[in-house]
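Have a look at the structure below before the remarks.
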Amino acid sequence: MSLVNFTAREITCKIVYYGPGRSGKTSNLQYIYGRVPQDRRGKMVSLATASDRTLFFDFLPIDLGSISGFTTKFQLYTVPGQVYYNATRKLVLQGADGVVFVADSQARRFDENMESLQNLQENLLAEGTDIRDMPLVYQYNKQDLPADLIMSPSELDDALNFRSVRSFSSDCLHGSGVFETLKGVSELVLQKLAAGAPA
Amino acid sequence: MRALEPWVEQPLMTFLTESEARLTLLMTSAGQVVAQHGFTRAVDIMSAAALGAAIVSSTEEMARVLGVRPFRALTHQGESHGIFLSAFETPRGRWIGLVVYGQDTSLGLVQLFFDRMVDELTQGVPAEGGTKQVLAQDFESELHSSLRALFGR
Ligand SMILES: Nc1nc2c(ncn2[C@@H]2O[C@H](COP(=O)(O)OP(=O)(O)OP(=O)(O)O)[C@@H](O)[C@H]2O)c(=O)[nH]1
Ligand SMILES: [Mg+2]
């Protein structure tokens, strides 16, 4: 849940990058970390296995500066995508204000995307949240791979995006779409806040 | 010291004086900072809070999986510093305290004064207000320019 501090006029929001193993969640944060000036970001915390698979989470705090008179900070988290780590994935999802679902565009990874999406829905529900109430955007990552290996954004929209949430195609290795995705989810999160937050 | 809400300040102040702790961080169970003393960079506090909340939540989950009662507090005794982590219920939800202390005090004292602070905190909670307007509806252009600036575009 977003923390709003009226005395200091500060807002802190938690955004979680969700999706199947190796879809590129950690790569999103790494790219953002590399692009944001040092004085506007904290250290990136990565709890990973020796082979760079996320074990618990990655965490990157960024400072957006002043928005409508509020100092606004985002806390970006990634979950571990591997099916095996559902217990820790649930913990990271707790208290999320917005979710980016990072799908792997490779056709052979389609079932994993589907499974992860269902898992997101279940884990939100276990916390008492209907996925329809959660600010959510999709990111179709790895669109840089050869066309015969991947599904196009419109194919992915048809197959995965039942609720027609905003979707972005991306290549996290080179950064295209990373910024647009973050912007998309930020808008939804702040719109929800603007619609009225508990004081 | 910085506290998100003014009523948290006095109990935290008393705790700091009596326990002689070096760093103290109060956060929600999701790792959002509520109050802190002793940190310098805001962004470092956030990382400490994220890790503290992760340790507490994963330990609680482990207790559940093992079928044992949840641990009341977690401590780590280093050579010159100790770390104390404990979750507690408040009328504002579940909070976590993270305390770093040195050799001028002890775990026993930290635990004792921490428990007192928790009592004070849970008794001193004011009623929550109604719904307030947070951001102007036209915040979008400001959000866009902040994000563009962040990404150097
Ligand atoms: N070609 C290509 N490779 C990518 C892209 N994004 C990520 N990768 C690669 O995919 C692999 C997995 O990326 P990660 O970011 O670690 O994936 P993850 O989603 O964090 O994986 P888990 O931590 O296991 O859940 C790495 O080898 C990345 O370099 C992309 O847009 N295009
Ligand atoms: Mg990862």
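The values are calculated or read from the model by the stated rules, or taken from the named source; none is laboratory data. In this text the structure is predicted, and so the values were computed from the model without any measurement. Because the Cβ atoms are built from the backbone with ideal geometry, glycine has one as well, and the counts that use them run over all protein chains shown. These accessible areas exclude ligands, DNA and RNA; they are computed on the full protein's heavy atoms, side chains included. Shrake-Rupley method; radii C 1.70, N 1.55, O 1.52, S 1.80 Å.
Just wondering, is there one or more residues in the stretch A:33-40 that are out of contact with any helix residue (DSSP H, G or I) (no Cβ under 7 Å at 6 or more places or on another chain), farther than 20 Å from A:K192 by Cα and charged (D, E, K, R)?
yes
Scan the stretch A:96-108 and tell me whether some residue there is under 25 Å from A:A159 (Cα atoms), polar (S, T, N, Q) and open to solvent by 50 Å² or more (accessible area, probe 1.4 Å).
no
Just wondering, is there one or more residues in the stretch A:84-92 that are within 14 Å of another protein chain (Cβ to nearest Cβ) and charged (D, E, K, R)?
Yes, the stretch A:84-92 contains a residue that is within 14 Å of another protein chain (Cβ to nearest Cβ) and charged (D, E, K, R).
List the number of the failed condition for A:R35; all other conditions in (1) surrounded by fewer than 24 Cβ atoms within 10 Å (Cβ to Cβ); (2) more than 7 Å from chain B (Cβ to nearest Cβ) hold.
Here A:R35 meets the rest and fails (2).
Only one of A:D58, A:D52 is of a type in the set (D, E, K, R), open to solvent by less than 40 Å² (accessible area, probe 1.4 Å), at pLDDT below 95 and within 14 Å of ligand 2 (Cβ to nearest atom). Can you tell me which?
A:D58
Going by the conditions given, is A:V92 closer than 29 Å to B:S141 by Cβ and either open to solvent by 50 Å² or more (accessible area, probe 1.4 Å) or more than 9 Å from ligand 1 (Cβ to nearest atom) (or both)?
No; evaluated as a whole, the condition is false for this residue.
Restricting the search to the stretch B:1-36, which residues are under 16 Å from B:F114 (Cα atoms) and assigned to a loop (DSSP other than H, G, I, E, B)?
Passing the criteria: B:E20, B:A21, B:R22.
Mind checking which residues of the stretch B:75-100 are in a strand (DSSP E or B), open to solvent by less than 50 Å² (accessible area, probe 1.4 Å) and out of contact with any His (no Cβ under 7 Å at 6 or more places or on another chain)?
Scanning the stretch B:75-100 gives B:F84, B:L85, B:S86, B:A87, B:F88, B:T90, B:G93, B:W95, B:I96, B:G97, B:L98, B:V99.
Return the total of residues in the stretch A:125-160 being assigned to a loop (DSSP other than H, G, I, E, B) and under 20 Å from A:D97 (Cα atoms).
Within the stretch A:125-160, residues that are assigned to a loop (DSSP other than H, G, I, E, B) and under 20 Å from A:D97 (Cα atoms) number 6.
Answer with yes or no whether A:D58 is within 10 Å of ligand 1 (Cβ to nearest atom) and on the phi > 0 side of the Ramachandran plot.
Considered against the rule, which asks whether it is within 10 Å of ligand 1 (Cβ to nearest atom) and on the phi > 0 side of the Ramachandran plot, A:D58 comes out as no.
Name the residues in the stretch A:61-82 that are away from ligand 1 (no atom under 13 Å from the Cβ), open to solvent by 10 Å² or more (accessible area, probe 1.4 Å) and touching a helix residue (DSSP H, G or I) at 6+ places or on another chain (Cβ under 7 Å), would you?
A:D63, A:G65, A:S68
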